[in-house]
Amino acid sequence: MKIVVAVDGQESAQSALAEITAQKYSSDTQIHLVHVIVPGFADVSTPGIPDTVAIERAEEKGVLEQMAKKLKEKLNIDASAEILEGEVAQVIADACKQFGADEAIVPSHARHGFSRLWHGSIADEIVDAAPCTVVVLKMAETKA
């Protein structure tokens, strides 16, 4: 089985790891961990202003590497990891296609009301765009 796991911070990594562990995937399962950086105003570094993209890249790389290590320790599964850039739903769908994924595991920030209207649901967009089964992990509700 091939699985793409979208990770957006430590909490989503822990939830995905718990899901993968609970499902007891075999050691021949191939897992590709991804984090997507959305392009925007912070793409150009400016002297005196923190490089938020570089900071995010470094933090998420650490999260992905730690998750890959835990997958190896707990389930003897070797996982690849990659940081991508673009619009999240399309990038995740493209990663699923390129990896030949049978399944994608993605976090949902459980937004409701105005917050959901304002931010939308990337998880819903991934479900629509992905060429495979998508497992949506409900995360703790975000205050926004």
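A few notes on this one:
- Yes/no for I49 being modelled with pLDDT under 95 and within 12 Å of A6 (Cα to Cα): no
- Which numbered condition W118 misses (of (1) at pLDDT 90 or above; (2) more than 16 Å from V135 (Cα to Cα)): (1)
- Among the residues here, A54 does not qualify as of a type in the set (G, A, S) and at pLDDT 90 or above.
The values are calculated or read from the model by the stated rules, or taken from the named source; none is laboratory data. Just so it is clear, the model here is predicted, and its values are computed rather than measured.
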